[in-house]
Structures are given as structure tokens and as C-alpha cells.
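A short reminder: the numbers here are calculations on the coordinates, not readings from a lab. Computed from a prediction, not measured in an experiment: that's the story for all the values here. Here the Cβ is made from the backbone with ideal geometry for all residues, glycine too, and neighbour counts use every protein chain on show.
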Amino acid sequence: ISTKPLIAERGIIYDSSGIPLVRNIPTFTAYLLPQDLPSDNTAHINTLNEIGKLINKSPDELQKKIDESKSFQFQTIAIKDNIDYNTAIKLLVSSKFIPGLTIENNLRRQYLFSSIPETGRATGTFAFNTPSLGMVLVYEGKITKEDLNLYSHIDYLPIDRIGKTGVEKSYESVLRGMRGKKEIEVDALGKQKDVIAEKPPITGSDIILNINIIESIIIINII
């Protein structure tokens, strides 16, 4: 029996008029559960080498990630983010025969209004963000070893993403939601056979800023 964490969807940030400034878009992530790797040193290295070939990472890089998460050895760690669909399918097929490796649906943050729209290129109208807006939102990203040590009093895991700076960091406790979990029956390779119980995650709360995105964009008409 294994317990699998279920990541909560992050809350959305809106401007004062209700326009979303960010969104969560689907992606695929490759995870590794260190406890399912072979205990024999040679088999361990061969498995990391096989995984590394699939995700373009060296065995040393993978081992470093494992070592950094030793205090969470019974938890999965993310080893490759933002995998495209075709690659994810290939990895999913291969992962059935590789202990510890799983491919899961995930969500990543996309910040809107951060580049020149294609429609603007066609019409001769270009939109630029004022620097202050970018400095307010800033970004969220993968949790690091340093983050885990700094926030050891909070229920974070190596698979989590966290607000790094700006609004994402200041309102982290509001935006992050609550992780769920799923108890599953696994086979000898650690692959899921059946779901025993499941507690769904709770989506993070949305927040509304007092910034108006329309007033924060400089419009330049090219004649």
C-alpha cells in the first residue's frame, strides 16, 4: 500500500476589474519515488541511467535530486517538468517497466499580458507591460532544498511549487490550497494496481488586486 499526494490547483490572481492576470495550464511531469529504486548498487545505477536517457538527464543529476530529498525518501520527487504530450506518451509506456518512475498530469503557471500579442503585430498596435506590474506579480516555481528547510514548519513536499517573490509569495498561504492524497495498491515495481481511498485536493483561493490591468498597459499606435 502506498500513499500518493495530490497537488492542489493554485488560486487565480485577478485585477480590480476581474481580469485574470495568471492562469494554470495543463502539462506533464515525470516523478521518481526513490524507495522503489533497486537496492543493489549496480541495478540502481542502471535504472537511473535508463531514466536519464528518457528525460535527457545524467544519472549524476538524478542522484543529486535524490540526495537533496533524503529526508523525504518515501515521497515522490519531480525530475522533469513541462513535458510535451508526445514525449509524455513515450515516457508513460516506458515507465511501466522502470521501478519508481511515473508520469502525471500537472499544472503550471502562465502569466498573462507578459508579451506582445500576435493581434497587435497584425494591426500595428503594440502593448507593453509597465515594469511595476511585473514586479508585483513576479513568479512561482519549484520548491528548492533551501525552501524546504526554511519552511520546515509548513506541510511542503519536494513535488510542490511555491511563490518565490511578489504577490505569489506574499499570498502563498492563500493561493496554494490544500493537498489531497490517494491510497493505492501497488505492484513490485511500485506501479498502481488499485485505488483504496482518495481525499481530493482543495483548490487555492483566488485573490483580487487593486491594480487595473488596462491602466497598467501602455498602448503605442504605430502609424
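Couple of notes before you dig in:
- Peptides ranked, highest mean first, by Cβ atoms within 10 Å: ranges 173-181, 40-48, 146-154: 173-181, 40-48, 146-154
- Distance between the 7 Å Cα→Cβ label points at residue 25 and residue 202: 3.0 nm.
- Each Lys or Arg adds one and each Asp or Glu subtracts one; over the other residues with Cβ under 13 Å from the Cβ of residue 139, this totals +4.
- Shown in residue order for region 8-15 are the 3J(HN,Hα) couplings computed by the Karplus curve 6.51 cos²θ - 1.76 cosθ + 1.60 at θ = phi - 60°: 7, 6, 6, x, 8, 9, 10, 7 Hz (x for Gly and Pro).
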